[in-house]
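To start, the structure itself, in structure tokens.
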Amino acid sequence: MRTPLFRHVPAMSELLEHPTLKQLVNQISQHGLVAKTRVVLDEVGAELQSAAQGAQFPSVAELADRIARRIRQDQSTRLRPVINATGALLNSAIGGLPLADSAIEAMVLVAQGGSRLDSAHGEATPRAEAAPALLCELTGAEAALVVNNQAGALLLALSALAHGREVLVARGELPEVAPNLPMAELVRASGARLREVGATNRVSIDDYRSAIGEATAMLLTAHTSAFQMIGDVGQPRLADLVALAKERRLPVVHELGAGSLMDLAPLGLAAVPVAADSVRHGAELAILGGRAWVGGPCCGILVGRQTTIETLANHPFANALRPDPVKLAALCATLAFYQRPELARREIPLLRLLDTPLDNLRLRASRLAEQIDACPDIARAYAFEGAADVGGHGLPDQQLPAWCIGVEPHHLSMEQFVNALRHGMPAVVGRLDEGRLLLNLRSVAPGQDQELVQAVIHAARPAAERGRRQ
């Protein structure tokens, strides 16, 4: 039997018909809304039972507001789309870049079950074979192998080729191969022994020659894509390292870091290593990731000699690191574009952003700044020419010309404005500079322009007004 206090509990239908909850119909299902309402009613009941005598059951409007706040709070912890307006194309903090449309479609088909990959002759081809075949075609390698991630690729190579023996690596080439995973730790985990060669800033071919002994299993060279040394620095060319390795009958493994499958110099990124160059210079094995400048899914790519790849493929770790079919489908779809470089630049989002002409960015920035500046909640918005630190963790100190929008809110502090942008739908991430928010269009796809404008205008409103319009 209900106590007098609980006689005032409104009917579920009355709560759901309240305008505050009815406007959430596009954000949460009817079942979800009912479930949240029951949770809040149970919480209120428990609070009132332990409250002092004379406590009143909340009104319908108060309950509806509490339920709406709970729903919005729960949604704020879920995945949400993000517009990357930082200018950094490889921005791992916000999830990186989108895949090509065809790669996403391929993933969906495989995830739904019931799809196949047809060859040019109409025959079904396993994706596990299709990806290596495309990689060999693109790099000139004898064989290729795909594993789950780039760190796993290096772990597999070290375990299969150097377990119990020494790996020689230049002292200045010991980066993190993954977040919080130094290369030195990965080498130890593989069962190999790390032997550093030369000084931190300078290493010569003679340093390698004098370090080679009976316990040496390989020469490992890593592209330091995550950092840069300047000043009195020097290291041998890959071709010279390969010549020494052949003389001593040792393999050279080239870890490319954030490497690419095509020359990005025409797009302004001459410093990005290319897998085909490693193969051409004679590296036994070249390793790169599929996510960074390749623009595909997160995976580890190994290309090199047939006998070496076979050794890796037969190692127990190869099966443990095998990529799932969904990932392989996305990779195959991405690799297919590289058969025609002009198609890759047009269809792969990363390359398309790199290839965007400066005049295009200028026109977009001017148009969007005008739309944002017209909002009464914006004190000032204006377009100006700037630069984009395109590499993020993948290419330090590498900049490309860009156009930006400077935004200053009218009613909110900059901290409140930025916080509202980061918690919006979609979220927007830019950069702060001298009291203004910079939105760099080098990393914003044209299809996101109007979403960006609306997100900025919405975030600039006073908090009470934003809550009413959500």
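The values are calculated or read from the model by the stated rules, or taken from the named source; none is laboratory data. Please read these numbers as outputs of a predicted model, since none were measured by experiment. FYI the Cβ positions are ideal-geometry reconstructions off the backbone, even for glycines, and counts take in every protein chain you see. Just so you know, the surface numbers come from the protein's heavy atoms only, side chains and all, with ligands and any DNA or RNA stripped out. Shrake-Rupley method; radii C 1.70, N 1.55, O 1.52, S 1.80 Å.
Suppose we filter the range 402-435 for residues that are of a type outside the set (Gly, Ala, Ser) and in contact (Cβ under 8 Å) with a residue 40 or more places away in the chain; how many remain?
Here the count works out to 16.
Where in the range 129-212 are the strands (runs of 3 or more DSSP E), entirely inside, with at least 3 residues that are within 27 Å of residue 324 (Cα to Cα)? Steps first, answer last, please.
Working: elements: 143-147, 166-170, 176-178, 193-197.
In the range 129-212, the matching strands (runs of 3 or more DSSP E) lie at 143-147, 176-178.
Quick one: residue 382 ticks every box in (1) surrounded by fewer than 18 Cβ atoms within 10 Å (Cβ to Cβ); (2) outside any strand (DSSP E or B) bar one, so which box is it?
Here residue 382 meets the rest and fails (2).
Counting only residues that are open to solvent by 50 Å² or more (accessible area, probe 1.4 Å) and part of a strand (DSSP E or B), which one in the range 386-407 is modelled with the highest pLDDT?
Step by step, filter the range 386-407, then rank; the result is 401.
Just to verify a result, which residue in the range 254-270, among those that are part of a strand (DSSP E or B) and either open to solvent by 10 Å² or more (accessible area, probe 1.4 Å) or among the acidic types (Asp, Glu) (or both), is nearest to residue 177 (Cα to Cα)?
255
In the range 331-347, what residues are open to solvent by less than 70 Å² (accessible area, probe 1.4 Å), out of contact with any Cys (no Cβ under 9 Å at 6 or more places or on another chain) and in a helix (DSSP H, G or I)?
Correct list: 332, 333, 334, 335, 336, 337, 341, 343, 344, 347.
Go through (1) in contact (Cβ under 8 Å) with a residue 40 or more places away in the chain; (2) under 30 Å from residue 457 (Cα atoms) and name the single condition residue 357 misses.
Condition not satisfied by residue 357: (1).
Let me spell it out: the conditions are (1) open to solvent by less than 70 Å² (accessible area, probe 1.4 Å); (2) part of a helix (DSSP H, G or I); (3) at pLDDT 95 or above, and residue 350 meets all of them except one. Which number is the exception?
Here residue 350 clears every test but (3).
For residue 372, indicate whether it is over 23 Å from residue 263 (Cα atoms), touching a residue at least 24 places away in the same chain (Cβ under 8 Å) and of a type outside the set (Phe, Trp, Tyr).
Yes; evaluated as a whole, the condition is true for this residue.
Of everything in the range 108-156, what is among the hydroxyl-bearing types (Ser, Thr, Tyr) and either at pLDDT below 95 or touching a Phe, Trp or Tyr at 6+ places or on another chain (Cβ under 8 Å) (or both)? Give them in sequence order.
115, 119, 125
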